[in-house]
Structure formats: structure tokens, C-alpha cells
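J.: So that we are looking at the same thing, I have put the structure below in C-alpha cells.
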Amino acid sequence: MAAAAGVFLSMFAGAAPAAAQTSDLVAKRAFRVCADPANLPMSDRSGTGFENKIAELIASKLGLPLEYSWFPMATGFIRKTLQANACDVVIGYAQGDELVLNTNHYYTSAYVLVVASAGPLAGVKTLSDPRLKDKRIGIVAGTPPATHMARNELLPKAKGYHLMVDRRHEDPADEMLADLKAGAIDAAILWGPIGAPLVKASHPDMKVTPLLSESAPPKLFYRITMGVRQGEKVWEGKLNSLIRRNQPEINAILANAGVPLLNDMGTGPLEPTD
């Protein structure tokens, strides 16, 4: 979806004392990444996902070969990959999950509403909009927007799609967008870094609107980090430094893929920096 102390000796003269604090679990020979082999637009075996490209960037800055441990992003992912020492980092992981030690976040994004760009819902910006009443809305079961849909009485006609799946065999996001195109649903709600790149790549007749105006909880925006093993504080610090120094290049990869990039508070688009 890493590298060890010796890596940094090749990068920074006199770094041995700090590097020596890195756990022996972090590999010295490669930048080892855990990733889903069939999770486009994020990652896949061909290396075309935006998380693949970010991994390539970090590996190049470390001067190490990139090595993957592939496993479906489903139940047991962290336990069977990162915790099993099959790799040293997960490129994309939501901030605050206790299964991993989070680096500093490298982007913020939100759930999005996807509709026909020329249809009657093109101007909708919030799930409380009256135009959504009695509409058939696609929603991934168990995701935060479902709570907002329930509050606004949008669930009776909603169509649910599975959350925890092996995307080698089932692809809820693509299925939802295909249903929208076919008219089986009137709107789709997806995690922005999945839905927006898919729309950009294959659905030019659809409009993507980040859901930034919901005032009641739960929040619909999240900060995304890299996840490392609990206790790997030195390794976390090295990755934080790499993220900070290479943030413009990371932003360019995400923007090129079509990921909606927001400010840290999730209230609007990320402002360009000099």
C-alpha cells in the first residue's frame, strides 16, 4: 500500500546516532510498502495508482528500491501486513486510527456527491437539499455519510454497496458509478479520493461536489497520513521530514489524479502555495 537506519546514513553525513534508534524491524535494503493489489485509483499491482506514485517518490528520495507486500484492504489488513513485519509503511491511512502510528498528514479530503453534470441535481451541495428528497442515492454501507442521509430521511430509497470487499472480485465504487450512468440511481456518495479520480478518468458527464457544508456530526472530511508500526517513532520522524520537504510534489501527484484537496479544516479547497 520502508526503510531503516542505514538508509539515512547514505542521505545525511553524521546521522548514525539518530538512525541507530530506528527499530531493527524497519528494513535496510528497500522501502517496503503494504498495499492493496486492486484498489484503483489508489493502488494496484501495475503501479498506476496515486499511492503507488507517492511510494515511488518517497523511495527515490530515500535512494532505495520500492518493494510491495500485496494484501486486500479488508479485515485483517494491518495485522497481516504491517504488524506481521511484511512491510514498514502503509501510504494512505486515516489520521487517528490506533492500529498504526500515524505520520503527519499529507493531504485532507472529503466525501463527495456525484451526479449527472447536466441533470437537476448538479447544483446540490448539501445532503439537506430538498432536491434530494425521494431520490435514489448510492451509498457505501457503514460510511459516515449514511448518518447524514438517515438524518435527512434519504435512506428509504437508497441503494447500499458493500464496504469491506476484496476489490479483485468486487468493486463498489465502479458499480455505483455504472448504476448512476445507467439511471439506476440518481446520485452517488463516495470517498473523494476514490470517486473523484474515477469520474475524472472515465465519466466526463458527471459532476463531483465535495460535501463541505454538513454542520452536524459526523465529519465528512479526513486527514490522510502514512501508517507505520506503533513505537517506530524515529521512522515516523524520518517520514514526516520527507513529507514536509516533498509536499509540493505529493500535491501534484494527488491533483493530477483528481483527488479533491482541501485545507486542513476541510472547509474549502487547498490554497496554492508559492
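The values are calculated or read from the model by the stated rules, or taken from the named source; none is laboratory data. Just so it is clear, the model here is predicted, and its values are computed rather than measured. Quick reminder, even Gly has a Cβ in these numbers, built from the backbone with ideal geometry, and neighbours come from all protein chains shown. In case anyone asks, the SASA skips ligands and DNA or RNA and just uses the protein heavy atoms, side chains included. Shrake-Rupley method; radii C 1.70, N 1.55, O 1.52, S 1.80 Å.
J.: Within the stretch 143-224, considering only strands (runs of 3 or more DSSP E) that don't extend past its boundaries, which have at least 1 residues that are among the charged types (D, E, K, R)?
T.: Output list reads 159-161, 206-210.
J.: If you don't mind, another one. Taking the stretch 86-134, which residues are open to solvent by less than 40 Å² (accessible area, probe 1.4 Å), more than 27 Å from ALA178 (Cβ to Cβ) and part of a loop (DSSP other than H, G, I, E, B)?
T.: Once the filter is applied, which keeps residues that are open to solvent by less than 40 Å² (accessible area, probe 1.4 Å), more than 27 Å from ALA178 (Cβ to Cβ) and part of a loop (DSSP other than H, G, I, E, B), the stretch 86-134 yields ALA86, CYS87, ASP88, VAL100, THR103, TYR106.
J.: Pick out the one residue from ALA188, ALA216 that is not assigned by the TED database to the domain that holds SER117 and not hydroxyl-bearing (Ser, Thr, Tyr).
T.: So the residue among ALA188, ALA216 that is not assigned by the TED database to the domain that holds SER117 and not hydroxyl-bearing (Ser, Thr, Tyr) is ALA216.
J.: Pairs needed: first member in the stretch 51-78, β-branched (Val, Ile, Thr); second member anywhere, modelled with pLDDT of 95 or more and open to solvent by 30 Å² or more (accessible area, probe 1.4 Å); C-beta distance under 6 Å; at least 6 residues apart or different chains.
T.: ILE54/ILE253
J.: Yes or no: ALA141 surrounded by fewer than 18 Cβ atoms within 10 Å (Cβ to Cβ) and under 21 Å from GLY49 (Cα atoms)?
T.: Here the answer is no, as ALA141 does not meet what is asked.
J.: Sort through GLY192, GLY227 and tell me the only one that's closer than 13 Å to THR108 by Cα, of a type outside the set (A, V, I, L, M) and buried (at least 23 other Cβ atoms within 10 Å of the Cβ). Can you show your working first?
T.: On the way: GLY227 fails: closer than 13 Å to THR108 by Cα.
The unique qualifying residue is GLY192.
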